[in-house]
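Chemist: Shown below is the structure under consideration.
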Amino acid sequence: MNLRRLTLFELKDKFLKGEVSAVEIVKAYFQRLMLAESKVKAYITTAKKDALVKEANELDYSLSKWRKTMPLMAMPIAVKDNICTEGVKTTCGSRMLENFVPPYDATVVARMREHGCYLIGKTNMDEFAMGSSTENSAFGPTRNPWNLAYIPGGSSGGSAAAVAAELCVAALGSDTGGSIRQPAACCGVVGLKPTYGRVSRYGLVAFASSLDQIGPITRDVRDAAVMIQMIAGHDPLDSTSADMPVPDYTKALKENLRGMKVGVPLEFFAEGLDPEVELAVRTAIIQMQALKAEIKEISLPMTKYAIATYYLIATAEASSNLARYDGVKYGYRAPKEKGLLEMYMKTRQEGFGAEVKRRIMLGTYALSAGYYDAYYGKAQAVRTLIKRDFDEAFKEVDVIVTPTMPTPAFKLGEKLQDPLQMYLSDIYTISVNLAGVPAISLPCGLSSRKLPIGLQIIGRPFEEEKVLRAAYAYEQASEWHLKRPSL
């Protein structure tokens, strides 16, 4: 039995039934790490094998004691490297934090440990989550397991690549403008961005605080439901965390869409959409209709302003959030500085990469006294209009279906010198973050170059169960989630 081929749900079931031991699980994944990690480069830090095997041995001896209280015991989960892990480096893919070791766990990591999961490693990412290809990391790029010459998406590219390459059973990522869904689409896996406030952000290193959200990346939709069940819920340590009950997401999973109204926005099928992506997504919509869903054309007219709006709001918030990295309290400090001002300047110049510096400058400009109203203030007004578009659409439909990306994954280095083309990779995902609604990406096809294509399903705020239901029904009617890279 190839343990790495099992989903999270299947693996935990076999473990709890005693058909496989914790030691066998740990050894299987470390064997895979030895074979494939040097090709994919999904991780910045990996757990120590001997320590994890010892812990697994102890668990096997006391399994009956923990069986009911820790339902995800021994499951090897990867965590994006901008989520704090006590005693384990959290670099954010940046030289600025290359030696930072948090003294506490993020709430999602604490909940993961409470369920008995093992932290198998911290995954690579675009620096401070600013990027769409995982090429902006200070530790080098991650490669797409389907074709090592292509990008895995970003900024959670390490997490998506690790799941696709069977280097972990599931992973956590963060999504500010598509950073869970876009790499999930590139790597042929499932990525869920929850409603803003559904999952605690405590311990997530901030990029854009009003947009950031933590979510799971998994091999199938049922695993995504299991993972979100584990990490969701109110957290008094996060003032933006919603004090709302968390439903049992696995109970929402059904194999038909009877009674569900599915919206298809005209604006998402316009110029710039790759023909292969359009064909795959429209074929998926036909499949959803065959599952008894009612398909309805809708309009989201303000989404054409989403990229401009996002890159004003997100960069402004990043400018503020990253002001703390000045070489004084923690993080990188430039050597041989001749005074306080020079130390500030050299630390930030040497500690941040080019894309981060570009966005800090954009954000600082947008917040400056003479331009605040013209740029940042106007962007916030347009954000409200984008949210109203979604509110109006959801009066008529239960979920909205779109492509996740306008194209399949592109080659490494292809868009590094053209930031605007890179930013356009997120054109279909950004509006979801601006509106604060939940969305999932799941595979719906392969391009002629055998690269995955992603389908995005968007729902009303705090209605993740409907998003998961629609995704699960389509997934079970297709076989795209069963495809694996030949790495």
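A short reminder: the numbers here are calculations on the coordinates, not readings from a lab. Remember, it's a predicted structure, so these values are computed and weren't measured experimentally. All Cβ positions, glycine included, derive from the backbone under ideal geometry; neighbour counts span all protein chains shown.
Chemist: Report the per residue volume, in Å³, of the convex hull enclosing the C-alpha atoms of the range 353-479.
Modeler: Dividing the Cα hull volume of the range 353-479 by its residue count gives 133 Å³.
Chemist: Semi-axes of the range 369-437's equivalent ellipsoid from the Cα gyration tensor, sqrt of 5 times each eigenvalue, largest first, rounded to whole Å?
Modeler: Semi-axes from the Cα gyration tensor: 26, 23, 6 Å.
Chemist: Within 10 Å of each candidate Cβ there may be at most 15 other Cβ atoms; applying that plus a DSSP loop requirement, which trypsin sites (Lys or Arg not before Pro) in the range 242-281 survive?
Modeler: LYS254, ARG258
Chemist: A further question on this structure: Using the scaling law 2.2 N^0.38 Å as the reference, what is the normalised Cα Rg of the range 278-348?
Modeler: 2.19
Chemist: Near ARG258, within a Cβ-to-Cβ distance under 14 Å, what is the net charge of the other residues, with Lys and Arg +1 and Asp and Glu -1?
Modeler: +2
Chemist: How far is it, in nm, from the label point at VAL101 to the one at ASP391 when both lie 7 Å from their Cα along the line to the Cβ?
Modeler: According to this spin-label approximation, the distance is 4.9 nm.
Chemist: Also: May I ask you to derive the relative contact order of the chain, considering only C-alpha pairs under 8 Å and at least 6 residues apart, and to give it as an integer percent?
Modeler: For the chain, the relative contact order is 18 percent.
Chemist: Sticking with this structure for a sec: Mind listing which GluC sites (Glu not before Pro) in the range 201-309 are in a DSSP loop and have 16 or fewer other Cβ atoms within 10 Å?
Modeler: Answer in residue order: GLU255, GLU271.
Chemist: Let me ask you something else. How large is log10 I(q)/I(0) at q = 0.06, 0.09, 0.10, 0.11 Å⁻¹ when the Debye formula is applied to the Cα atoms of the chain, each weighted equally and without solvent?
Modeler: Debye output, listed in q order: -0.24, -0.55, -0.69, -0.84.
Chemist: Quick one: grab the alpha carbon gyration tensor of the range 45-165, order the square roots of its eigenvalues as a ≥ b ≥ c, and give me rounded if a/c is under 1.5, else prolate or oblate depending on whether a/b is larger than b/c.
Modeler: prolate
Chemist: With both partners inside the chain, how many of the DSSP beta bridges are antiparallel, as a percent to the nearest 5?
Modeler: In the chain, approximately 65 percent of DSSP beta bridges are antiparallel ones.
Chemist: Would you mind working out the magnitude of the charge dipole of the chain relative to its Cα centre, with +1 at each Lys and Arg C-beta and -1 at each Asp and Glu C-beta, to the nearest 20 Debye?
Modeler: 780
Chemist: Further, regarding this structure: Could you tell me which residue out of SER210, SER179, MET96 lies farthest along the dipole of the chain toward its positive end? Charges go on the beta carbon: Lys and Arg +1, Asp and Glu -1, centred on the Cα centre.
Modeler: MET96
Chemist: Measure off 7 Å from each Cα along the Cα-to-Cβ vector at ILE286 and ARG5, then give the distance between these two points in nanometres to one decimal.
Modeler: Label-label distance for ILE286 and ARG5, simple model: 3.1 nm.
Chemist: Loop only per DSSP, at most 16 neighbouring Cβ atoms within 10 Å: give me the GluC sites (Glu not before Pro) in the range 437-487, ordered by residue number.
Modeler: Passing sites in the range 437-487 are GLU479.
Chemist: Could you give the length gained by full extension between LEU279 and LYS54, i.e. 0.36 nm per residue of separation minus their alpha carbon distance, to one decimal place?
Modeler: 76.0 nm
Chemist: I'd like the FRET efficiency for LEU341 and ALA369, computed as 1/(1 + (r/R0)^6) with the beta carbon distance as r and R0 of 30 Å, rounded to 0.05.
Modeler: 0.90
Chemist: Starting from the Cα-Cα distance between LEU266 and LYS27, subtract it from 0.36 nm times their residue separation and give me the gain in nm to one decimal.
Modeler: Working it through step by step, the gained length comes to 81.2 nm.
Chemist: Based on the Cβ-Cβ distance from ASN256 to GLN349, what FRET efficiency comes out when R0 is 51 Å, to the nearest 0.05?
Modeler: Once the sixth-power term is evaluated, E becomes 0.35.
Chemist: Taking every pair of Cα atoms in the range 137-277, average 1/r, invert it to obtain the Kirkwood radius, and report Rg/Rh to two decimals.
Modeler: 0.99
Chemist: If I take R0 = 45 Å and measure r between the Cβ atoms of GLU414 and ASP248 in this structure, what FRET efficiency does the formula 1/(1 + (r/R0)^6) give, to the nearest 0.05?
Modeler: The computed FRET efficiency comes out at 0.55.
Chemist: Within the P(r) computed for the range 199-354, what percentage of the Cα pairs occupies the region above 18 Å?
Modeler: Distances greater than 18 Å cover 76 percent of the Cα pairs.
Chemist: Report, by chain and number, residues whose modeled amide H sits under 5 Å from the one on ALA170, excluding near sequence neighbours (fewer than 5 apart, same chain).
Modeler: Close amide H contacts, sequence-distant or interchain: ALA78.
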